[in-house]
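The values are calculated or read from the model by the stated rules, or taken from the named source; none is laboratory data. The shown structure was predicted, so the numbers you read here are calculated from the model rather than taken from an experiment. With ideal geometry, Cβ positions are generated from the backbone for all residues, glycine too; neighbour counts draw on all protein chains shown. Just the protein is used for accessible areas: all its heavy atoms, side chains included, with ligands, DNA and RNA removed. Shrake-Rupley method; radii C 1.70, N 1.55, O 1.52, S 1.80 Å.
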Amino acid sequence: MPIVVIGLSHHSSPVTVRERFAFAETIIPAALQRIRESGIADEAVILSTCNRVEIYASSPLQDRQAAAALQQFLLDHQKYSEPLNGEIYTLGEPNSLEHLFKVAAGLDSMVLGETEILGQLKKAYDLALKHKHTGSRLNKAFQRAFNVAKQIRTETNIQRGSVSVGSVAVELAEKIFTSLSERQVMVIGAGETSEKTARALLSRGAHSIIVSNRSHERALALAAELEGRAVHFDDWADEFPKIDIVISSTAAPHYVLDRAKLEPLMKLRKNRSLLLIDIAVPRDIEPEVNFLENVYLYNIDDLQAIADGYLQQRREEIRGCEKIICEKVKGLLQISTSRAEPHSDGQFAFE
Amino acid sequence: MSWLTDKFSFAVAVLFYGISVVYSVFLWRRGFREDSRVNYCLLLAAAVFHTTAMIKRGFSLERCPVNNLFEATMFVTWTMVMAYLVFGIWSKIRFLGAFASPILFAIGVFALMPSLDVRGTKPEFTGGLVSLHATLILLSYGAFGLSSIAGIMYVTQEHDLKFHKLRAVFSRLPPIERMEKVMNGLLIAGFILLSGGLLLSPILLKQKYDVYFNSDPKLIWSMVVWVVYLMLLVMRGRFGQGGRRFAWGAIGSFAFVLLTFWGVNLLSPAHQ
């Protein structure tokens, strides 16, 4: 019985369409039950994330028939009656298996090589397994997909490096400081990106967070969330001798920190290294401060350039990953064909 | 195995240093993204031949081989490579080898010049004090040498971070703070060894010239070196002059040692 994939993803459809097809986790077991009862498939898994909705099924039908039936099921189940213009894709073997392996390895993700999708795929599979909607075909395919994802992660650089501003900031900190466990972080301006960056630093062991914001109430709230301490906006410079990393994202139209202000502060901190992350637009920190010894200033464009560089590096790994996937799909199909008669009507991938 | 002389072993070691230089250029061009285990193995192979050369020369003299410029140079580079092999056990510091091999290769080629290995009569054994004095001082130069290599690694990484080069984050070089700690540790170790070696000088002068101090150029030069390193350590310890200036201090001080050591040696009657 061939494995068929039908679905939509960020590649094929906008969020306005994807959200109409999304499955809440609670209704997935019932939907799987319906697919099996209708005779379209003997085994099925539904993956529903913010970037994709896909049904993986092992069907007793020819795969074109199975794909058409699954598409109809999807449209009926989600009560979608508007005309479609290539938003839904359907894949038969071996493309369906290749697709599954690519999804597991993060090759089909919006952020190339991200690992969150593997967790989501495991969760979707576990849900189907728990409700006994999978059998030997899908079990083998999914287990193999998880193994391939692991192999790709260890043998290639597809997941290496940071592609978000927050994690790039963490990497930079780790290139300057031996350990983050003794490092104090100051957040000036309690914006969303600075909060994410501070959280990323905390997750990597940063010692503590001090938050300073024009609205002291907002500073108190963020400090409470990050289990840190809030200081009044006029007093943030007093805390500087203890600080190692500064994340600045105020809405001030002028520089909050300039060379004249920082120079004496650096002497107070005995010239220890200082990482300044300026994610504000317009910028909070005068670029001149980067010329001070032991000061490392990065603005939002610098961080983005690093993230883009990593992404480029990941793109260069795609060919190697596809080679691994191709070999593994061939291996899996050889095992399947040696054990059962083929049901697939050949290699195809249709829209 | 008569062909396996000390000189031949050392030449093979220098050859391995040369291969390591080529591999280091490859690592450099790849932005230090590759693991430097291969380089570590190359330097390990070099160290094996280097040690063989040292042992052979030592056994032939029946004392520590530090009697002429060839032996002294061989000893300094041996100290550096052995210290690297210890530090290189930690994978993050292993890249030190990529910065060390060009210096080891250059000094090694210099040491192979025939005029440096002047073999006079077999030196008399003088209770081991001369050997201890020379060994401590040469060990200190080895530590200073490796510290300057750590300094080169520091300024490279620091420059990349300062000027937002992608290599700063893409490379597998260690954090600059760790490099500074390595540099400082090596400088302290080198300073203690140099102080120990120099403390023996008055005793040796008393034995040879019946004075505790004379104006031998090498003695004066060694004291200058001692003061330079003392200042470097005081500036860091007392005045917080860490970071780039400290790294350049370590590099500059060793460059001074490297460029003047052989010349001063030739001018010194007490060290001939």
Legend entry - Matching residues, region A:145-185, being free of Cβ contacts under 8 Å to residues at least 24 places away in the same chain and β-branched (V, I, T): A:T154, A:T178
Legend entry - Unique residue being of a type in the set (S, T, N, Q) and open to solvent by 50 Å² or more (accessible area, probe 1.4 Å) when the list is A:N51, A:N85: A:N85
Inset, instruction - Please state which one of A:S109, A:S162 is among the hydroxyl-bearing types (S, T, Y), over 21 Å from A:G331 (Cα atoms) and touching an Asp or Glu at 6+ places or on another chain (Cβ under 6 Å). - result: A:S162
Inset, instruction - Go through (1) buried (at least 22 other Cβ atoms within 10 Å of the Cβ); (2) free of Cβ contacts under 8 Å to residues at least 60 places away in the same chain; (3) of a type outside the set (D, E) one by one and return the number of the condition A:F142 breaks. - result: (2)
Legend entry - Long-range neighbours under 8 Å by Cβ, at least six apart or interchain, first residue among the aliphatic types (A, V, I, L, M) within region B:25-41, second open to solvent by 40 Å² or more (accessible area, probe 1.4 Å) and assigned to a helix (DSSP H, G or I): B:V38/B:Y23
Legend entry - Residues being within 14 Å of chain B (Cβ to nearest Cβ) and either in contact with a helix residue (DSSP H, G or I) (Cβ under 9 Å, 6 or more places away or on another chain) or in contact (Cβ under 8 Å) with a residue 24 or more places away in the chain (or both) - total across region A:249-269: 4
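Residues are listed down the side, and each one gets a yes or a no for (1) open to solvent by 30 Å² or more (accessible area, probe 1.4 Å); (2) at negative phi; (3) assigned to a helix (DSSP H, G or I):
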| residue | (1), (2), (3) |
| --- | --- |
| A:I55 | no, yes, no |
| A:L61 | yes, yes, no |
| A:L70 | no, yes, yes |
| A:D76 | yes, yes, yes |
| A:L97 | no, yes, yes |
| A:F101 | no, yes, yes |
Inset, instruction - Could you list all residues from region A:1-23 that are open to solvent by 50 Å² or more (accessible area, probe 1.4 Å) and out of contact with any helix residue (DSSP H, G or I) (no Cβ under 7 Å at 6 or more places or on another chain)? - result: A:H11, A:P14, A:V15, A:T16, A:E19, A:R20
Inset, instruction - Give region A:270-286 a look and list any residue that's more than 10 Å from A:L257 (Cβ to Cβ) and touching a residue at least 40 places away in the same chain (Cβ under 8 Å), or say none. - result: A:S273, A:L275, A:I277, A:I279, A:A280
Legend entry - Checklist (1) open to solvent by 40 Å² or more (accessible area, probe 1.4 Å); (2) free of Cβ contacts under 8 Å to residues at least 40 places away in the same chain applied to B:T51, failing item: (1)
Inset, instruction - For residues that are over 29 Å from A:Q312 (Cα atoms), among the basic types (K, R) and assigned to a loop (DSSP other than H, G, I, E, B), tally how many sit in region A:126-184. - result: 2
Inset, instruction - Name every residue in region A:241-265 that is surrounded by fewer than 19 Cβ atoms within 10 Å (Cβ to Cβ) and among the hydrophobic types (A, V, I, L, M, F, W, C), in order of residue number. - result: A:A251, A:A252, A:A260, A:L265
Legend entry - Considering residues of region A:277-295 that are hydrophobic (A, V, I, L, M, F, W, C), closer than 20 Å to A:K242 by Cβ and touching a Ser or Thr at 6+ places or on another chain (Cβ under 7 Å) only, the residue farthest from the other protein chains (Cβ to nearest Cβ): A:I285
Legend entry - Residues within region B:144-169 that are closer than 19 Å to B:G97 by Cα, of a type in the set (A, V, I, L, M, F, W, C) and open to solvent by 10 Å² or more (accessible area, probe 1.4 Å), tallied: 2
Inset, instruction - Please determine, by comparing only the residues of region A:171-180 that are more than 7 Å from chain B (Cβ to nearest Cβ) and modelled with pLDDT of 90 or more, which one is surrounded by the fewest Cβ atoms within 10 Å (Cβ to Cβ). - result: A:L180
Inset, instruction - Go through the residues of region A:190-208 one by one and say whether even a single one is among the aliphatic types (A, V, I, L, M) and closer than 26 Å to A:L47 by Cα. - result: no
Inset, instruction - Pairs only if they're at least six apart or on different chains, beta carbon under 9 angstrom, first in region B:216-240 and within 14 Å of another protein chain (Cβ to nearest Cβ) and under 20 Å from A:M266 (Cβ atoms), second open to solvent by 70 Å² or more (accessible area, probe 1.4 Å) and outside any helix (DSSP H, G or I); list them, first residue then second. - result: B:F239/A:K270; B:G240/A:K270; B:G240/A:R272
Legend entry - region A:38-48, residues that are open to solvent by less than 10 Å² (accessible area, probe 1.4 Å) and either at pLDDT below 90 or not small (G, A, S) (or both): A:V45, A:I46, A:L47
Inset, instruction - Scan region B:214-227 for residues that are over 21 Å from B:G145 (Cα atoms) and surrounded by 13 or more Cβ atoms within 10 Å (Cβ to Cβ) and report the count. - result: 3
Legend entry - Identity of the residue in region B:64-91, open to solvent by 30 Å² or more (accessible area, probe 1.4 Å) and not aromatic (F, W, Y), that ends up farthest from B:D35 (Cα to Cα): B:N67
Legend entry - Checklist (1) in a helix (DSSP H, G or I); (2) open to solvent by 20 Å² or more (accessible area, probe 1.4 Å); (3) more than 14 Å from chain A (Cβ to nearest Cβ) applied to B:S253, failing item: (2)
